[in-house]
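The values are calculated or read from the model by the stated rules, or taken from the named source; none is laboratory data. Being a predicted model, the structure only gives us computed values, none of them experimental. Note that each Cβ is placed from the backbone with ideal geometry, even for glycine, and that neighbours are counted across all protein chains shown. Accessible surface areas use protein heavy atoms only, side chains included; no ligands, DNA or RNA. Shrake-Rupley method; radii C 1.70, N 1.55, O 1.52, S 1.80 Å.
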Amino acid sequence: MKFYYIYVLLFLLSALSSKGQQGSVSISEPGRGITPEDSGRIARYITAASRMVESNADSALVLLEEVRLLSEKYHYNAGIGKALLWQSAVFAGKQDMDQAWKAFNRGCVYNQLSTHREKALSERYYHLFILYKYAGKTDSALFVLQQSLPGVERMKDSLIIASTYNHIGSVLIDNNDPETAYHYLLKALSVNNKTNVVLLTSYINLAYVHSKQKNPDSVYFYAQKAYAGSKELKYKRYERSASLLLLSYYLSKQDKQTAEKYTRNALQLMDTNSIDNQFRTYNELTVHYAAGRYYEDAARYGRKAMEYISPGMYLRKDVISLLSVMSGIEYELGNPDMAYRYLDYYHRFSDSLHFLERNKTIDRLEQQFRLAEKEKEITRKENQLLGQQLKIRNRNYWILIVCSGIIITLSLSGWLYMQQRNSKRKMRLLETQKELDEIKAMMQGEEKERSRMAKDLHDGVGGLLTVATQNLKAISETNTSVVQNTQFQSLSDIVHEASKEVRRTAHNLMPDILLRNSIGFAVQEFCTYIRQDTSLDISVQIRGNLDTFDEQFKLNVYRIVQELVQNVLKHAQANTVLIQLQYSKNIFAITVEDNGAGFNTNQDYAGFGLSNIQNRVSAFGGQLSIDSEKGRGTSVYIEFPLAEENSDS
């Protein structure tokens with residue numbers, strides 16, 4: 001499943017809090033012996049180091065190591081955690097992902113000891129986002145940010161909220177979704193309009209959005225604001241980004257002289273200690289000069305960018321995109337061999353899920369090569385045919401007769417085969433439809449029986465218990481001394497609990513809440529009951545409009561969620577469950593993930609009660625997918641393709 005690896009990482013984060021240490025890490029009491037002056041000095045050092053992450057990576061590592069050693073001297077866990085987390089960001093920028101993950105995991109051990117849990121959690125999410133972004137895993141980076149957003153918004157800290165909106169916007173830009181990115185960036189501006197580093201990030205991201213949408217004047221407006229602000233605040237990293245945007249504007253206006261000024265500035269501000277920083281800078285220069293049709297300059301910067309690509313970076317979107325751009329540049333410069341080589345690399349490393357559309361230059365180049373190869377083959381065959389024309393002319397008659405016979409025979413055989421195949425397919429479809437009808441009939445029968453039992457419980461047993469409750473109340477009011485009797489009080493409590501249990505059981509048998517509300521509301525109510533009765537931390541996420549489905553489909557979805565949650569309670573030994581219901585583009589999806597014991601999906605798991613769920617899914621033409629491993633939790637994904645008739649609208 002697409003979120004499986006992210007889920008495993010988040011599960012490991014929560015596991016760290018229970019283990020309390022990793023390897024030989026020793027955790028002391030937080031802040032023992034540290035003075036306010038020392039903690040303030042550590043905070044200033046961390047702030048200074050964070051500003052150097054993309055401008056002077058090696059110096060940032062040295063400063064952060066000093067912060068870590070100083071914090072260990074005072075047993076200041078918050079300082080140790082922050083230093084390690086920022087070290088992970090620096091290592092990621094240097095494309096040393098092994099060291100980055102080690103520093104991140106160690107930092108999480110100390111970070112989770114913070115008394116400010118919401119803020120500490122947002123810091124872990126932020127640095128996990130950085131690791132995924134530098135690794136080129138933009139989908140995972142976006143998921144982490146979306147998971148952190150509810151907690152961040154509860155903190156009521158405008159800078160942290162605006163910063164999170166900015167990060168979401170930047171990932172959406174990388175994923176070529178500028179419209180949604182623009183929405184989040186405007187939200188960032190609405191909560192923070194003071195001149196600070198967060199506002200600079202908003203300006204730069206907005207400039208990139210307008211660059212994607214081909215609005216050069218808007219690019220200039222926001223890039224100029226970012227450039228002036230970064231000069232004022234002395235943030236070299238943001239001055240470099242603003243310079244790259246401004247040079248793209250002047251190149252679009254064919255003002256190369258002014259563009260060159262900003263090019264030199266961007267190169268001077270580039271961190272030569274960070275491989276990722278060098279690659280990104282040269283990559284942007286390549287793209288901007290190619291867009292302005294300055295192909296010689298673009299080729300020069302593109303070759304420099306290629307020098308900073310390590311083997312582990314070839315699956316990143318920006319690297320693959322650079323290969324595509326370089327192919328087009330070499331083609332325009334009249335270097336077909338180099339163009340084809342870059343094209344070959346592009347096809348070798350491009351991910352079919354994210355690079356389905358070819359750019360026009362590559363398509364034209366590929367067609368040109370194919371046409372050239374075909375023309376060579378045709379010329380060779382024509383030369384052969386000229387020497388053998390007389391022999392072929394004499395044989396053509398017989399070849400025509402034989403080929404006609406073969407074609408007729410093959411056509412007849414193929415027609416008979418297709419008829420037989422279609423007949424078998426129709427039989428299988430009829431059998432499958434019959435099985436589905438039987439399953440639906442059985443489900444309807446079960447629901448009728450549930451409804452009858454629920455009515456009997458509510459009207460029969462529930463009514464009797466209500467009468468018993470009223471009688472006990474009347475006795476207590478007329479005879480006050482009996483209230484002190486422990487047996488009477490125990491009897492009253494038992495009757496009250498039995499009445500609640502009957503109502504709860506009747507609700508589960510036939511949730512009439514579905515008749516009045518959407519499936520999303522019904523599932524949330526069901527999860528509320530579960531939270532009240534168990535220690536399970538269960539949360540529900542709703543995406544899309546779930547108000548328009550017919551009663552039969554809503555009831556089926558409700559039963560599936562019920563059975564999956566009951567399965568977790570019975571077998572998973574989990575303490576956290578996430579339920580997602582999503583409806584988009586005629587696809588309704590259910591995801592239920594837990595952090596429990598898991599099981600081996602290669603073995604028979606019928607004992608886990610999933611056969612009934614499979615029947616319900618099949619009855620409505622859905623697909624069921626289970627991702628699990630012992631000790632790693634379980635993720636169940638169900639997808640229903642829905643036509644318009646499946647909804648009330």
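Run the numbers on the range 163-252 and let me know its relative contact order in percent, using alpha-carbon pairs under 8 Å that are six or more apart. Can you show the working numbers first?
Numbers: 109 pairs, mean separation 21.7, N = 90.
Reported as a whole number, the value is 24 percent.
Among residues other than Tyr295 whose Cβ falls under 11 Å from its Cβ, what is the net charge (Lys/Arg +1, Asp/Glu -1)?
Numbers: positive: Arg293, Arg300; negative: Glu296, Asp297, Glu330, Glu332.
Summing Lys and Arg as +1 and Asp and Glu as -1 gives -2.
What is the range 30-178's relative contact order, in percent, from Cα pairs under 8 angstrom and six or more apart in sequence? Walk me through the intermediate numbers first.
Working: 184 pairs, mean separation 25.3, N = 149.
Worked out over the range 30-178, it gives 17 percent.
List the pair-distance distribution P(r) of the range 102-211, using every Cα-Cα distance, as the percent of pairs falling in each 10 Å bin from 0 up to the bin containing the longest distance, rounded to whole percents.
For the range 102-211, the binned pair fractions read 15, 44, 33, 8, 0 percent.
Provide the solvent-accessible area of Phe143, counting protein heavy atoms only and rolling a 1.4 Å probe, rounded to the nearest 10 Å².
Spelled out: Phe143, probe radius 1.4 Å, area about 20 Å².
Can you list, bin by bin at 5 Å, the percent of alpha carbon pairs in the range 170-286, starting at 0?
For the range 170-286, the pair-distance distribution reads 2, 13, 21, 25, 22, 13, 5, 0.
Relative contact order (percent) for the range 259-311, with alpha-carbon contacts under 8 angstrom and 6 or more residues of separation?
For the range 259-311, the relative contact order is 33 percent.
When you take every Cα atom in the range 253-326, what is the radius of gyration, and what is Dmax, the widest Cα pair distance, in Å?
Cα radius of gyration and Dmax of the range 253-326 are 12.2, 37 Å respectively.
Mind ranking Ser411, Ser39, Ser230 by accessible surface for me, highest first, 1.4 Å probe? Show your work: numbers first, answer last.
Values: Ser411 70, Ser39 35, Ser230 0 Å².
In descending accessible area the options line up as Ser411, Ser39, Ser230.
Sort Ile161, Ile275, Ile406, Ile560 from largest to smallest accessible area, using a 1.4 Å probe on the heavy atoms of the protein chains.
Working: Ile161 20, Ile275 60, Ile406 85, Ile560 0 Å².
Largest accessible area first, the list is Ile406, Ile275, Ile161, Ile560.
Dipole magnitude of the range 268-311 about its Cα centre, charges +1 at Lys/Arg Cβ and -1 at Asp/Glu Cβ only, in debye to the nearest 20? Before the final figure, lay out the partial values.
Working: 5 positive and 6 negative charges, 27 e Å.
The dipole of the range 268-311 has a size of about 120 debye.
Calculate the dipole size of the range 535-581 relative to its Cα centre from +1 charges on Lys and Arg beta carbons and -1 charges on Asp and Glu beta carbons; express the result in debye to the nearest 20.
On the way: 4 positive and 5 negative charges, 28 e Å.
The dipole magnitude comes to about 140 debye.
With a 1.4 Å probe and all protein chains left in place, how much of the accessible area of the range 218-329 comes from carbon and sulfur atoms, in whole percent?
Answer for the range 218-329 is 48 percent, counting heavy atoms of protein chains only.
Decide, for the range 150-223, between rounded, prolate and oblate: order the square roots of the alpha carbon gyration tensor eigenvalues as a ≥ b ≥ c, take rounded if a/c falls under 1.5, and otherwise choose prolate if a/b is larger than b/c, else oblate.
The shape class here is oblate.
By average Cβ neighbour count within 10 Å, what is the ranking of 332-343, 199-210 from highest down?
Values: 332-343: 16.3, 199-210: 24.9.
Ranked by mean Cβ neighbours within 10 Å, highest first: 199-210, 332-343.
What is the dipole size for the range 41-158, taken about its Cα centre, with +1 at each Lys and Arg Cβ and -1 at each Asp and Glu Cβ, in debye to the nearest 20? Mind dumping the intermediate values first?
Details: 16 positive and 12 negative charges, 61 e Å.
That gives a dipole near 300 debye.
How far is it, in nm, from the label point at Arg543 to the one at Val402 when both lie 7 Å from their Cα along the line to the Cβ?
6.1 nm
Please list Ser252, Ser190, Ser243 from largest to smallest accessible area, probe radius 1.4 Å, with all protein chains kept in place. Provide the component values of the computation, followed by the final result.
Working: Ser252 65, Ser190 90, Ser243 0 Å².
If we order Ser252, Ser190, Ser243 from most to least accessible, we get Ser190, Ser252, Ser243.
Starting from the Cα of Arg395, step 7 Å along the direction of its Cβ; do the same at Ser158; then give the gap between the two resulting points in nm.
8.7 nm
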